[in-house]
1. So what are segment 81-139's ellipsoid semi-axes, whole angstrom, largest first, if each one is the square root of 5 times an eigenvalue of the alpha-carbon gyration tensor?
2. Excluding ligands, DNA and RNA, what is the solvent-accessible area per residue of segment 1-130 at a probe of 1.4 Å, expressed in Å²?
3. Based on the mean of other beta carbon atoms within 10 Å per residue, what is the order of 93-103, 55-65, most packed first?
4. What percentage of the solvent-accessible surface of segment 106-223, computed with a 1.4 Å probe over protein heavy atoms, is contributed by carbon and sulfur atoms?
5. Could you tell me, in Å, what Rg and Dmax come out for the Cα atoms of segment 162-279?
6. Tell me, rounded to the nearest percent, the portion of alpha carbon pairs in segment 144-205 spaced more than 15 Å apart.
7. Just need the Rg to Rh number for segment 4-44, please, alpha carbons only, Kirkwood Rh.
8. What percent do you get for the relative contact order of segment 141-249 when only Cα pairs under 8 Å and 6+ apart count?
Amino acid sequence: MKRKIIQLLYAGILLLAGLAVCAPLFLLLSGSLMDEWEIGQALGPVLQGGSGYVDWPVLPSYPTLAHYGRLLLGSPQFFVLFWNSVKMTLLILAGQLAVAVPAAWAFAMYPFPWKKILFTLYIVLMLMPFQVTMLPSYLVLNRMELVNTEWAVILPAVFSTFPVFLIYRGFSGIPESLLEAARIDGATEGRLLWSVGLPLGSPGILASLVLGFLEAWGMMEQPLAFLEDRMLWPLSLYLPEIGLEQAGYAFAASVITLIPAGFVFALGQDYLEQGIAMSGLKE
């Protein structure tokens, strides 16, 4: 009996925590379906500087899709920035695969001088926040005449060290005997990577793709630092430009922005869990 009570208590705590995490998503969805009058009534103390507390209804009293219609049919800038986000994200992910997979394979499979020191340096760079590397990155990109171009955001993200760390853990778990058997059969090093490394290390690779997508899709600091032309901005910088008087429009834009990230996360959740668990294993 006591054990059941404890289990119910734990379940209740987890349920409350889950509701607290999902509350912002619920507010976004319900707010995007409210008309301007109802939003004004609910958020009046915040948007209009009034007194009292925010009174948010459980469900909209007068649901409407007007904000979505305005966003999808009357806001061409939204589609320009949406395409910018798609283009930047795809190029970043493709570049990370092209750079991180060979680098992680080399770290996991081949001995070379200063290997541990170099890998430790990778980890240190991974832990550094963007604010630390922003000025050196800007100076380098400015010297290369890439500031205020999309490549100023894409190239630094391509050479991120986190995908290397995550994929390395997957490659390092491949048995050495399997590789030796493949070499005896005449497999080249490139063939080993393609036929053995990629299939067995796929959880780490897919996990890095999921995390890379979520990071690239929602990045804000890098575009703000390196892009001056607003028509080059990604969608993540479009939402803060919406004034508070357009709250319903902002809610609808936020919901549409979240859809690709939620879709990718739902598809890659299993691989994400496997990759993160694999990265936590000690050698």
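The values are calculated or read from the model by the stated rules, or taken from the named source; none is laboratory data. Since this is a predicted model, take the numbers as computed values, not measurements. Glycine also receives a Cβ, built like all others from the backbone with ideal geometry; neighbour counts cover every protein chain displayed. The protein model used for the area step is the full one, side chains on, heavy atoms only, and it has no ligands, DNA or RNA in it. Shrake-Rupley method; radii C 1.70, N 1.55, O 1.52, S 1.80 Å.
1. Equivalent ellipsoid semi-axes, largest first: 27, 19, 8 Å.
2. 68 Å²
3. Packing order, densest peptide first, comes out as 93-103, 55-65.
4. 69 percent
5. 20.2, 70
6. More than 15 Å apart: 61 percent of the Cα pairs in segment 144-205.
7. Reported Rg/Rh, Kirkwood definition of Rh: 1.29.
8. 37 percent
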